[in-house]
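Chemist: Please see the structure below; I have some questions.
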Amino acid sequence: MIKQEDVIVVFLRSPYSQFLKTRLSLELGEPDSRIVYQILVEKILGDVQKIPDVDKCLSLDMMRVQDVNWFSRRGLANGWLIFEQNGLCLGERMYNTLIRLSSLYNRVLLVGSDIADSTSNDLISAINKLENQEDIVVGPSADGGFWCLGLFNPNIDLFNGLEWSTSNVFSRLRNNIKILNLNCKTITMRRDIDTCYDIGMTTLLS
């Protein structure tokens with residue numbers, strides 16, 4: 001059972017960011033790729049919103065008035081903590097987000113924003129797999145990355161040597177977990193949306 005001391009944080013770019021879905025933008029054009037991204041964000045926010053007895057956060061790459069308003073218009077003004085990421089690279093921003101929340105919560109689950117086929121049950125399963133302090137739960141993605149990461153205590157060494165946006169991110173993360181003598185648990189593989197092919201492999205956007 002999920003305890004009140006758990007938190008799910010959606011880690012994402014602002015819907016107004018100029019760096020949304022770079023590869024998809026090359027195929028669809030910037031306006032349509034932005035629409036796809038916003039659909040994906042609304043989908044994961046809806047999944048998280050359905051889960052009771054867990055706190056909910058947004059970790060944004062930038063936090064301007066228009067960014068906060070975008071989420072407020074979707075009913076997230078109340079009950080969600082919204083804060084800005086800090087760090088020079090993706091791994092550092094993830095680590096700082098996890099550190100911030102692990103000081104307040106027992107179990108922290110970080111979730112990406114561009115997954116088309118994850119479910120609320122996936123998120124509940126991920127949190128429930130965190131049974132001991134040595135447990136880390138990872139949701140692998142079909143492109144070799146990962147779409148969620150859950151843990152008790154963050155360690156910056158988790159992200160050592162990860163080459164982001166490559167097909168070996170998950171395998172290297174799993175190896176880092178092993179080096180740290182932690183217990184890697186996995187949940188269902190899901191697909192993130194980076195290309196038109198990815199869209200074709202899902203039904204969310206059909």
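To keep it simple, each residue is scored yes or no on (1) modelled with pLDDT of 95 or more; (2) under 21 Å from L81 (Cβ atoms); (3) not in a loop (DSSP other than H, G, I, E, B).
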residue	(1), (2), (3)
V108	yes, yes, yes
G139	yes, no, yes
D143	no, no, no
S165	no, no, no
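Chemist: Condition first: within 15 Å of the chain's Cα centre (by Cα) and closer than 18 Å to K56 by Cα. Now tell me which residues in the stretch 138-153 satisfy that.
Modeler: W147, C148, L149, G150, L151
Chemist: Considering (1) of a type outside the set (G, A, S); (2) modelled with pLDDT of 95 or more; (3) under 17 Å from E42 (Cα atoms); (4) not in a strand (DSSP E or B), say which one C148 fails and leave the rest.
Modeler: All conditions pass for C148, except number (4).
Chemist: For the stretch 1-15: of the residues being over 16 Å from L110 (Cα atoms) and surrounded by 14 or more Cβ atoms within 10 Å (Cβ to Cβ), which is modelled with the lowest pLDDT?
Modeler: For the stretch 1-15, the residue satisfying everything is P15.
Chemist: Let me confirm something: among L58, L90, L98, L109, which residue is buried (at least 18 other Cβ atoms within 10 Å of the Cβ) and either out of contact with any strand residue (DSSP E or B) (no Cβ under 7 Å at 6 or more places or on another chain) or over 21 Å from D192 (Cα atoms) (or both)? Step through it out loud before you land on a result.
Modeler: Details: L58 fails: either out of contact with any strand residue (DSSP E or B) (no Cβ under 7 Å at 6 or more places or on another chain) or over 21 Å from D192 (Cα atoms) (or both); L90 fails: buried (at least 18 other Cβ atoms within 10 Å of the Cβ); L109 fails: either out of contact with any strand residue (DSSP E or B) (no Cβ under 7 Å at 6 or more places or on another chain) or over 21 Å from D192 (Cα atoms) (or both).
Every option except L98 fails the conditions.
Chemist: Tally up the residues in the stretch 112-137 that are over 17 Å from Q85 (Cβ atoms) and either under 16 Å from the mean Cα position of the chain (by Cα) or surrounded by 22 or more Cβ atoms within 10 Å (Cβ to Cβ) (or both), please. Don't jump to the end; show me each part of the working.
Modeler: Start the filter on the stretch 112-137 by keeping residues that are over 17 Å from Q85 (Cβ atoms), which leaves 115-137.
Still in the running and either under 16 Å from the mean Cα position of the chain (by Cα) or surrounded by 22 or more Cβ atoms within 10 Å (Cβ to Cβ) (or both): 115-127, 136-137.
Within the stretch 112-137, residues that are over 17 Å from Q85 (Cβ atoms) and either under 16 Å from the mean Cα position of the chain (by Cα) or surrounded by 22 or more Cβ atoms within 10 Å (Cβ to Cβ) (or both) number 15.
Chemist: Which ones in the stretch 16-37 are at pLDDT 70 or above and either among the acidic types (D, E) or buried (at least 18 other Cβ atoms within 10 Å of the Cβ) (or both)?
Modeler: D32, S33, R34, V36, Y37
Chemist: Report, by residue number, each residue of the stretch 111-135 that is touching a residue at least 60 places away in the same chain (Cβ under 8 Å) and assigned to a helix (DSSP H, G or I). Spell out how you get there, then give the answer.
Modeler: We begin by selecting, within the stretch 111-135, every residue touching a residue at least 60 places away in the same chain (Cβ under 8 Å); these are 111-120, 122-128.
Selection gives S120, D122, L123, I124, S125, A126, I127, N128.
The values are calculated or read from the model by the stated rules, or taken from the named source; none is laboratory data. If you're wondering where the values come from, they're calculated on a predicted model, not measured in any experiment. All Cβ positions, glycine included, derive from the backbone under ideal geometry; neighbour counts span all protein chains shown.
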